[in-house]
Amino acid sequence: MLKLAIQKSGRLYEDSIGLLKSCSIGVSNGGGRLRAVADSFPLEVFFLRDDDIPQYVEDGVADCGIVGENVVFEKNKHVEVIEPLGFGRCRLSLAVPKSAKYNGVHSLEGARIATSYPQILGDFLRKNGVQADLHEISGSVEIAPSIGLADCICDLVSTGSTLISNGLREVETVLESQAVLVSSQNLPSEKQALLDKLLFRIRAVKKSKNHKYILLNAPNDCLPDIIRILPGMKSPTVLPLAEVGWSSVHSVVQEDRFWDIIEDLKANGAQGILVVPIEKMIL
Ligand code: ATP
Ligand code: ZN
């Protein structure tokens, strides 16, 4: 059985459970249990604090885990990062009081900086040739300047609204982060085979989220142009409509090119365009 560590509660919990669910793996931690066996996949899930996940994976107590890159880099344990998961996106940023002067990283020389990420920040400052006085605190970092504990902070940000409401201004991104799947190094082959199976499902789900299935009708004389616009996975499906001289075209399009493609299709005679989500995509 493969042992996977995920966050017990917090920002990564829902998306981690949701990812497993979209891989057809059901898990419940009903009653705040610390471990649960999944249905329909040989997987045991451990519910842990995110900070502890890299250590558990390094020690082999868990074979793999879902955790933010920020935690992976800060803890610096011997784990393999195997797949970015596209959720839990945030950035580790430096922020200074709104009215403070800032003209680049060198403005931080000698400053007292409060952070929960002394390793990542320390590396960043070293690379930039800046010496500062780091104060490690584990939470509520954003209030440190207003209570006189520090001159500025380095903390996780997603929208930036917490910084603004604490009178702070974001000045530098130290790290961009998202949730990743990590695994122990040198897994035994039967565990590796299960991890590969899980990874295959995760990749199929991720791919499907970037693509849409598209259906449209068009007069037959427009088909060559429409087929040129819609490359599809191999090539589009073309089916005759009951009305003579018309066809239905089905294909797959990438989300990021989606609106351009729709405009192009309309300009080339497509009508009745339907767009539907894809649940899984295996190439
Ligand atoms: P735990 O009790 O597990 O230690 P925590 O308080 O450290 O929880 P959360 O605030 O739930 O952690 O954040 C978990 C992860 O979510 C972070 O490590 C980071 O990767 C990601 N994340 C995404 N957006 C944000 C954000 N705005 N602030 C903090 N973390 C974020
Ligand atoms: Zn944590």
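The values are calculated or read from the model by the stated rules, or taken from the named source; none is laboratory data. Bear in mind that the values here come from a model prediction, so they are computed numbers and not experimental data. Here the Cβ positions follow ideal geometry from the backbone for every residue, glycine too, while neighbour counts run over all protein chains shown. Areas reflect the complete protein model, heavy atoms only, side chains present, ligands, DNA and RNA absent. Shrake-Rupley method; radii C 1.70, N 1.55, O 1.52, S 1.80 Å.
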Scan the chain and report its longest stretch carrying no trypsin sites (Lys or Arg not before Pro) that are both in a DSSP loop and have at most 10 other Cβ atoms within 10 Å. 102-233
Summing +1 for each Lys or Arg and -1 for each Asp or Glu, what net charge is found among the other residues whose Cβ lies under 14 Å from the Cβ of residue 200? +4
Find the Cα radius of gyration of the range 211-277, compare it with 2.2 N^0.38 Å by division, and give the number to two decimals. 1.00
Between 239, 168, 134, where does the largest GNM mean-square fluctuation fall for the chain, given springs only between Cα atoms within less than 10 Å? 239
Compute a Gaussian network model of the chain, connecting alpha carbons closer than 10 Å, and tell me which residue from 132, 267, 218 fluctuates the most. 267
Considering amide H positions built from the backbone, and no H for Pro or chain starts, which residues 5 or more places from residue 241, or on another chain, come under 5 Å of its amide H? 246, 247, 248
Cross-link partners of residue 3 among aspartates and glutamates (Cα-Cα below 16 Å; sequence separation of 8 or more within a chain): 39, 44, 50, 52, 58, 59, 63, 80, 190, 196
At what distance in angstrom do the alpha carbon centres of the range 4-35 and the range 182-221 lie from each other? 19 Å
Using θ = phi - 60° and the Karplus relation 6.51 cos²θ - 1.76 cosθ + 1.60, list the HN-Hα couplings for the range 178-191 in order, rounded to whole Hz, with x at every Gly or Pro. 8, 6, 9, 8, 10, 9, 5, 7, 6, 5, x, 4, 6, 6
Convex hull (Cα only) mean projected area of the range 116-275, reported in nm² to one decimal: 16.8 nm²
Could you report the chain's accessible area per residue, 1.4 Å probe, as an integer in Å²? 53 Å²
Jot down the radius of gyration and Dmax of the range 1-116, Cα atoms only, both in angstrom. 17.9, 57
Kirkwood Rh, angstrom, the range 90-177 [1 / mean 1/r, Cα pairs]: 12.6 Å
Roughly how many percent of the accessible protein surface of the range 90-177 is carbon and sulfur, given a 1.4 Å probe and a whole-percent answer? 47 percent
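Which net charge results for the neighbourhood of residue 152, defined as the other residues with beta-carbon distances under 13 angstrom from its beta-carbon, given Lys and Arg at +1 and Asp and Glu at -1? List each step's numbers first, then the result.
Values: positive: 98, 101, 112, 169; negative: 109, 133, 142, 151, 155, 170, 172.
In short, -3.
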Applying the Karplus parametrisation 6.51 cos²θ - 1.76 cosθ + 1.60 with θ = phi - 60° to the phi angles of the range 86-95, what ³J(HN,Hα) value in whole Hz is obtained for each residue in order, glycine and proline being reported as x? x, 10, x, 6, 6, 9, 8, 10, 8, 9
Using each residue's phi in the range 166-171, evaluate 6.51 cos²θ - 1.76 cosθ + 1.60 at θ = phi - 60° and report the 3J(HN,Hα) Karplus result to the nearest Hz, with x for Gly and Pro. 9, x, 10, 10, 6, 10
Given 20 °C and 1.002 mPa s, compute D for the chain with the Stokes-Einstein relation, Rh being the Kirkwood radius over Cα pairs; round to the nearest whole µm²/s. 96 µm²/s
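Run the helix sum for the chain: -39,500 (n - 2.57) per DSSP H stretch of 4+ residues, divided by residue count, reported at 222 nm to the nearest 500 deg cm²/dmol. Numbers along the way, then the final one.
On the way: 8 runs with 77 residues, N = 283.
Counting only the DSSP helices, I get -8000 deg cm²/dmol.
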Accessible area (Å², 1.4 Å probe, nearest 10) - residue 164: 130 Å²
Taking the chain as the reference, fit the longest principal axis to its C-alpha atoms, fit the long axis of helix 118-127 to the helix C-alpha atoms, and give the angle between the two in degrees, 0 to 90, nearest 10. 90 degrees
